[in-house]
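See structure below.
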Amino acid sequence: MRVIARRCFEAQIEAVGIYDSWDGLLKSAVRTLGRGDVAGIAQRAGTILRSARSRLFLSPGDPQIAKDALSKHGIDGLVVVGGNGSQTAAAMLAEAGFPVVGVPKTIDNDLVGTDQSVGFQTAVEVAMQALDALRATAESHSRVMVVEVMGRHVGWIAVEAAIAGGADIALIPEHDFTLDEIFERLHTRHEVHKRNYSIVIVAEGAMDSAKKLDVNRGTRDVLGRLRLGGVGTMLAHEIERKLGWDARCTTLGYLQRCAAPIAPDRLLATWLSDKAVDFLLAGQSGVMAGLNGRTVEAMPLKDVVGKLKTVTDDYFRLAKIFG
Ligand code: F6P
């Protein structure tokens, strides 16, 4: 938001912010941005525009509704900052003939067409710091610490945090696992390698794999009823029940989305947004500014949406060896 607005100030173009997502566009929550609106915000977490999920763009006529609303506000071009849902809407709007460019931003890092999305590296940093901190309590009390991180469909945060923070086991949606495998690996670590603690990191989306497991029905029912149940809680409980060792779960949840962005994320946001403005000013539309190595390229949105960038086997191997 800061970079896009400042590029507009520089080019003497009026910058407007659409608050409260697409719903805000329809409710006229559209405001001209001044220098004060974007001053000192590079270090802030969260979404200043209060971006959120929206139900607009679910029906065939919705792109035209959005297009009319944008024209009503005198908006000639749009930069859409967000993840899969936002970029899908951007693609539909471009298809309807409105000039639009995307900037990938999701902590899940599951957008194809970019090496990384804004927010991801900060989320990994938070998860890694948590692993570092939890190691102390795990070791002090001879416990298995299960750490549940975000990642609905993919395990990027879990895998990178596992590599950087040295988790002993990483569980992600892309790879099915069985409880026996986990028990086996914990057993080897504790009984053969004589370690007194272990750290398991699990992506929330691995829940689907967990559902296929022979997890004790009673456990699942209790957790479900009390609304405690993430896959991490369930695993910790099963480890205690089957191995008889002390196990605890920490769910990082929204902490991963509220840390001040680390430097690599601020830089990435700057590179991508700066290029997004270039693309829009050059008359390009229906593209997303995607990071490819050290360069930013215009990736056709039609090749980006409806897909998931999953963790590759080769990369997952790193977490297994070096975690
Ligand atoms: O899409 C990013 C994400 O952080 C997911 O990892 C997580 O499941 C989801 O958002 C949580 O979203 P909500 O704010 O709707 O609970």
Legend entry - Stretch gain in nm, segment Asp274-Glu139, where the contour uses 0.36 nm per residue and the Cα spacing is subtracted: 44.0 nm
Inset, instruction - For the stretch 244-249, just list the computed ³J(HN,Hα) in residue order, Karplus coefficients 6.51, -1.76 and 1.60, θ = phi - 60°, integers in Hz, with x standing in for Gly and Pro. - result: x, 9, 5, 9, 9, 10
Legend entry - Radius ratio Rg over Rh of the chain, counting only Cα atoms, Kirkwood formula for Rh: 1.04
Legend entry - Calculated FRET value between Asp76 and Thr178, using beta carbons and R₀ = 41 Å, to 0.05: 0.15
Inset, instruction - With runs of 4+ DSSP H residues as the only contributors, calculate the mean residue ellipticity of the chain at 222 nm using -39,500 (n - 2.57) per run, divided by the residue total and rounded to the nearest 500. - result: -13000 deg cm²/dmol
Legend entry - Volume per residue of the C-alpha convex hull in the stretch 130-186, rounded to whole Å³: 80 Å³
Inset, instruction - Springs between alpha-carbon atoms under 10 Å, Gaussian network over the chain: tell me which of Ser198, Ser273, Ser285 tops the mean-square fluctuations. - result: Ser198
Inset, instruction - Calculate I(q)/I(0) for the stretch 75-171 by the Debye formula, one identical point scatterer on each C-alpha and no solvent, and give its log10 at q = 0.10, 0.12, 0.14, 0.19 Å⁻¹ to two decimals. - result: -0.38, -0.49, -0.60, -0.86
Legend entry - Apportionment of accessible area to carbon and sulfur, the chain, percent (1.4 Å): 51 percent
Legend entry - Separation of alpha-carbon centers, the stretch 256-271 and the stretch 48-92, rounded to whole Å: 24 Å
Inset, instruction - In whole Å, largest first, what are the principal axis extents of the Cα atoms in the stretch 38-111? - result: 37, 29, 19
Inset, instruction - Would you mind checking the pairs Lys105/Lys320; Lys105/Lys307; Lys72/Lys275; Lys72/Lys307 and listing those with alpha carbons more than 22 angstrom apart? - result: Lys105/Lys320; Lys72/Lys275; Lys72/Lys307
Legend entry - Sites Asp313 and Ser59 - FRET efficiency at Förster radius 51 Å, r taken between beta-carbons, to 0.05: 0.85
Legend entry - All lysines inside 20 Å of Lys242 as judged from Cα atoms, apart from same-chain residues fewer than 8 positions distant: Lys194, Lys211, Lys212
Inset, instruction - For Lys67, go through the aspartates and glutamates and keep the ones whose alpha-carbon is under 14 Å away, minus same-chain ones fewer than eight residues off. - result: Asp23, Asp76, Glu95
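The values are calculated or read from the model by the stated rules, or taken from the named source; none is laboratory data. What you are looking at is a predicted structure, and each value in this text was computed from that prediction instead of being measured. We place every Cβ from the backbone using ideal geometry, glycine too, and count neighbours over all the protein chains shown. Surface areas here come from the heavy atoms of the whole protein model, side chains and all, with no ligands, DNA or RNA. Shrake-Rupley method; radii C 1.70, N 1.55, O 1.52, S 1.80 Å.
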